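Right, one structure below, let's go through it.
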Amino acid sequence: MLVALFFLALAIGSGTLLTFLFDKTIPFPARMCMGAAIGTAIASMTGYLLACALGLGAACLWVSAAVLLLPLLTLLNHNFRSQIRNECSRAALAAAAVFKHPTRKQLAVIGLYAALAILLSALFSFAFYQGNDGLYTGVTNNLGDLTLHLQVINSFVHSQNFPPQDPTFAGVRFAYPFLCDVLTAMLVRAGASMTSAMWLQGWVLALALAGLMHYWTRLLTRSHLAGVIAVALVLFSGGLGWSWLFLDLHNSENGLIPLLGHLTHDYTINLDGLFRWGNSLTTLFIPQRSILLGVPLVIVIFCQWWIVVTAQADYVEPKNSRDRMLAAGVLAGLLPLIHAHSYLVVMVMGGCMALIFRRTWRAWVWFVVPAIAVALPQALWLAGSGTLHARDYISWHFGWDHGNLNVVQFWILNLGFFLFALVMALVWRSSEFSTPRPLLKYYLPFLLCFIVPNLISLAPWIWDNIKVLFYWYLASAPLVALLLAKGLRQKSGWRWITAGALVGMLLAGGLDVLRVVTDASPNREFTNADMVAAGAVLAHTGPRAVVLNAPTWQSAVYLTGRLSLLGYTGWIASRGLDYTQRQADIQQIYAGAPGTPALLKQYHVDYVLIGPPELASLPVNEQFWAQQNKVAEAGGYRLYRTRSASERARK
C-alpha cells in the first residue's frame, strides 16, 4: 500500500509542477488540485502505453514513475526554480499566518473542507468494501457499474489485457474510456488491495474536483462564498425528491432521527420514475468512475479559457495566452480514453467560445491543434472496433428521460429551486443581483449542453445523455452560487429566503449521501463462495483465456479479469453492441445442443463456467456437461475446459 501511495503522490506532485509552465497565478491549494487532475491523467495514459509494450508489471510501474519525474528537469532553469521557491515560501507563510491568527472566515472554510474530506472518505469507503460474507457496495446505483469496472480492472491486473479486448464481449476491441481503470490497476499492481485502490483514487479525485470547482467559481464570480456554495451545489445535487421524506416520516413509527439513520430509498432518482437526475456523487462519480477523472481535467481547461478570453492585452501577454491554450489543448487531447463525452463537450464548447470571443481567435489555434492531434489516435482506436455505429448513438429523442411526465414538470421536479435560481441569475438585472455580462457571454455556449440532450439521444441508453447534461449543470452552478451568495449577504428578508432555497437545493442529494455513509443500503455483489470460485478460475486458466458464463452482472468471472464471451447484457447494450446472436448461441451451448462443439470453436471459448448464476438463468443440460472435461470445482461452481481449447494447446 505504501508503494501505491507513493506512486499516487508522485503523480500529483508531477502534475503540480507542470502547472507552473502555463499558470503562474493560481493559489497553491488550487494548484495542488489541478496537479492531481493532470498528474493522474498523465500517469494513466503513460501506464497504458507502457503496458501495451511491457505488460502491467514492475517494469511498467518503474518506467511510469521515471516519466512522472521528468518535470523535475524544469528546475534546471534558474528563473523557473526561483518562481517555484517563491510561491512555496508564500504558501508556507500564509499557512503559518492562518495557523497563528486565524480569522473566523478562515476557520469556517478550513472546517468545511476538513468535514468534506472526512465525508468523501467515508462515502468512497462504502462504495466498495469487503464484509464477513462477501464484497459489498453501499451505493444502490453502483450495483451493475461496480462489477463492470472490477472486470475491466482485473483484466488489466490478472490478464494483461493490453491493447485491450472488450473483457465483457471477447473478440472485439474495447471501445470504452478505460484509462480510469488503468490507473486503479496500476495502484493494485503497486501493492494496494482492490478496495483500497478504488477508495484512494476516488477520494483524491473527488477532493480535487471540489477544489477546482471552488477555484473556477471564484475566477468567474470573484466571490469566495460563491465558490463554497458551488461546490455544495455540485456534490449534493438533486431536485425536489426530499419532499418524499415527509411521506416516509408519516409512515414511520420511530420518528425523524431513526429514519435518517436508516433511509430505505434514494431521493434523487427512481422514485416512481418521477426523478431521473440523481445525485452527482451517488449516480455519476461513484458508479461511472471515468467521469470522475474527466470532470476535474475539464475544469482545468475551462479555467484557462476564462482567463484568456476575458483578459485584456495590458494584463496578459500573448505568450502567456499561448501557453495556457496549448496546455488546455494537450489536456483536452487526453480525454477520449478518459471520458469520451467530456471530449465532445470540450471541443464543441471551444468552437462556440472561439466564435463568441473572436478577438482571441489566434489563441484558439493553440488549443485546437494539440486537442485534435493528441486525441486522434485515441479516437481511431474507439472508432476502429467495427462494432459501433452512429445510428446506435445519435437519434431524435425529445425531453431526455421524462417518461410520461410533461417535460416542464419533469425538469422542475428534477432540478427544483436550482432551475428557478438559474433563470433569475440569467434575467434579473439590478444593481444588487445582476450577473456580469462577460460571465453571461462565457456561459452562453453551455446552454447547448442542456438543449441538445433534450432533443437528441447521444447514447444507446437515453439516460446516458446526463454525461453531457451534467456539464450544463456544472457551468450553471457558479451563476446560481453567485446569486445565492449575494442573497445571503443581504440584511433583509432575502437572506432567509436565499438560505431556505439553498437548503432545498441540497437536501435531496444530502439524503442520498447520508444513506450511503450510514450504510443503510448494503448490497452484496459477490459471496465468499464467488471469491473462492474466482480463485479457482485464476489458478486453472491462462491470462488470455475466454470463459463462457451467464450474462448476468454477478458472475465470479468478473473477479478474475478473464475475457468473458458475454457479460451483463445491460453493459453491452449501453455501448451499442449487438449481442442477440451471441446470447442465443450461449443458450444453445449450455443446453448441450448438437451444434455446441462448433459454437465453442467458433467463439474461441476455452472454458465454460457453471455455477449458481448459470443454473438460475440458463437451461443447463447436466447430462451433457457430466461428460465434459471438468478441471476445477469450488464455491458451488464447476469449470470445464473445452475440446477446442485442448486442441489449440496441443498445436
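Looking across the stretch 13-64, the residues that are out of contact with any Gly (no Cβ under 8 Å at 6 or more places or on another chain) and not in a helix (DSSP H, G or I) come down to PHE20, LEU21, PHE22, ASP23, LYS24, THR25, ILE26, PRO27, GLY55, GLY57. Filter the stretch 13-52 for residues that are open to solvent by 30 Å² or more (accessible area, probe 1.4 Å), under 22 Å from the mean Cα position of the chain (by Cα) and aliphatic (A, V, I, L, M) and give the result. Answer for the stretch 13-52, where residues must be open to solvent by 30 Å² or more (accessible area, probe 1.4 Å), under 22 Å from the mean Cα position of the chain (by Cα) and aliphatic (A, V, I, L, M): MET32, ILE42, LEU49.
Looking across PHE418, PHE446, one residue alone is assigned to a helix (DSSP H, G or I) and under 26 Å from PHE357 (Cβ atoms). It is PHE446. Considering every residue within the stretch 398-405, establish whether at least one is crowded, with 19+ Cβ neighbours inside 10 Å and either of a type in the set (S, T, N, Q) or modelled with pLDDT of 95 or more (or both). No, because not a single residue in the stretch 398-405 is crowded, with 19+ Cβ neighbours inside 10 Å and either of a type in the set (S, T, N, Q) or modelled with pLDDT of 95 or more (or both).
Here's the yes/no breakdown for (1) of a type in the set (A, V, I, L, M); (2) touching a Cys at 6+ places or on another chain (Cβ under 8 Å); (3) surrounded by fewer than 19 Cβ atoms within 10 Å (Cβ to Cβ); (4) within 26 Å of GLY39 (Cα to Cα):
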site: LEU107; (1), (2), (3), (4): yes, no, yes, no
site: ALA114; (1), (2), (3), (4): yes, no, yes, yes
site: ILE118; (1), (2), (3), (4): yes, no, yes, yes
site: LEU146; (1), (2), (3), (4): yes, no, no, yes
site: SER155; (1), (2), (3), (4): no, no, no, yes
site: ALA170; (1), (2), (3), (4): yes, no, no, no
site: ARG173; (1), (2), (3), (4): no, no, yes, no
site: TYR176; (1), (2), (3), (4): no, no, no, yes
site: LEU179; (1), (2), (3), (4): yes, no, no, yes
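Scanning the stretch 605-620 for residues that are open to solvent by 50 Å² or more (accessible area, probe 1.4 Å) and over 33 Å from the mean Cα position of the chain (by Cα) returns LEU615, PRO619. Screening the candidates LEU448, LEU458 for the property of being surrounded by 14 or more Cβ atoms within 10 Å (Cβ to Cβ), under 23 Å from the mean Cα position of the chain (by Cα) and at pLDDT below 95 yields one hit, LEU458.
Looking at (1) of a type in the set (A, V, I, L, M); (2) under 28 Å from the mean Cα position of the chain (by Cα); (3) farther than 25 Å from HIS341 by Cβ, which is the one condition that is false for VAL423? That leaves (2) as the condition not met. Restricting to the stretch 341-377, name every residue that is charged (D, E, K, R) and under 23 Å from LEU447 (Cβ atoms). Those that are charged (D, E, K, R) and under 23 Å from LEU447 (Cβ atoms): ARG358, ARG359. The residue that is farthest from LEU18 (Cα to Cα), among those in the stretch 76-86 that are free of Cβ contacts under 8 Å to residues at least 60 places away in the same chain and within 36 Å of the chain's Cα centre (by Cα), is ASN86.
Would you be able to tell me the number of residues in the stretch 568-602 that are open to solvent by 40 Å² or more (accessible area, probe 1.4 Å) and part of a loop (DSSP other than H, G, I, E, B)? Residues meeting the conditions: 4.
Kindly establish whether GLY227 is more than 16 Å from the chain's Cα centre (by Cα) and at positive phi.
Answer is no for this residue.
So is ALA332 more than 30 Å from LEU507 (Cβ to Cβ) and open to solvent by 40 Å² or more (accessible area, probe 1.4 Å) or not? Here the answer is no, as ALA332 does not meet what is asked. Checking the stated criteria, THR268 turns out not to satisfy the condition of being open to solvent by 40 Å² or more (accessible area, probe 1.4 Å) and among the hydroxyl-bearing types (Ser, Thr, Tyr). Here GLN627 clears all of (1) in contact with a Leu (Cβ under 7 Å, 6 or more places away or on another chain); (2) of a type in the set (S, T, N, Q); (3) open to solvent by 50 Å² or more (accessible area, probe 1.4 Å) except the condition numbered (1). The number of residues in the stretch 511-526 that are aliphatic (A, V, I, L, M) and outside any helix (DSSP H, G or I) comes to 1. Restricting ALA30, ALA37, ALA41 to residues that are within 24 Å of SER193 (Cβ to Cβ), touching a helix residue (DSSP H, G or I) at 6+ places or on another chain (Cβ under 9 Å) and not basic (Lys, Arg) narrows the list to ALA41.
When ALA645 is tested against (1) at pLDDT 95 or above; (2) surrounded by 19 or more Cβ atoms within 10 Å (Cβ to Cβ), exactly one condition is not met: (1).
GLN201 meets all of the listed conditions (1) within 22 Å of ALA58 (Cβ to Cβ); (2) open to solvent by 10 Å² or more (accessible area, probe 1.4 Å); (3) polar (S, T, N, Q) but one, namely (2).
Number of residues in the stretch 235-250 that are free of Cβ contacts under 8 Å to residues at least 24 places away in the same chain and either crowded, with 18+ Cβ neighbours inside 10 Å or within 31 Å of the chain's Cα centre (by Cα) (or both) equals 1. Report whether or not LEU260 is open to solvent by 10 Å² or more (accessible area, probe 1.4 Å) and assigned to a helix (DSSP H, G or I). It is true that LEU260 is open to solvent by 10 Å² or more (accessible area, probe 1.4 Å) and assigned to a helix (DSSP H, G or I). Summed over the stretch 485-497, the residues that are assigned to a helix (DSSP H, G or I) and open to solvent by 10 Å² or more (accessible area, probe 1.4 Å) give a count of 6. Of the candidates ALA536, ALA501, ALA508, the single residue that is under 30 Å from GLY239 (Cα atoms), part of a helix (DSSP H, G or I), in contact (Cβ under 8 Å) with a residue 60 or more places away in the chain and open to solvent by 10 Å² or more (accessible area, probe 1.4 Å) is ALA501.
For LEU225, the conditions (1) out of contact with any helix residue (DSSP H, G or I) (no Cβ under 6 Å at 6 or more places or on another chain); (2) open to solvent by 20 Å² or more (accessible area, probe 1.4 Å) all hold with the exception of (1).
The values are calculated or read from the model by the stated rules, or taken from the named source; none is laboratory data. Fair warning: this is a prediction, and the values are worked out from it, not measured in the lab. Note that each Cβ is placed from the backbone with ideal geometry, even for glycine, and that neighbours are counted across all protein chains shown. Side chains included, ligands, DNA and RNA excluded: accessible areas come from the protein's heavy atoms. Shrake-Rupley method; radii C 1.70, N 1.55, O 1.52, S 1.80 Å.
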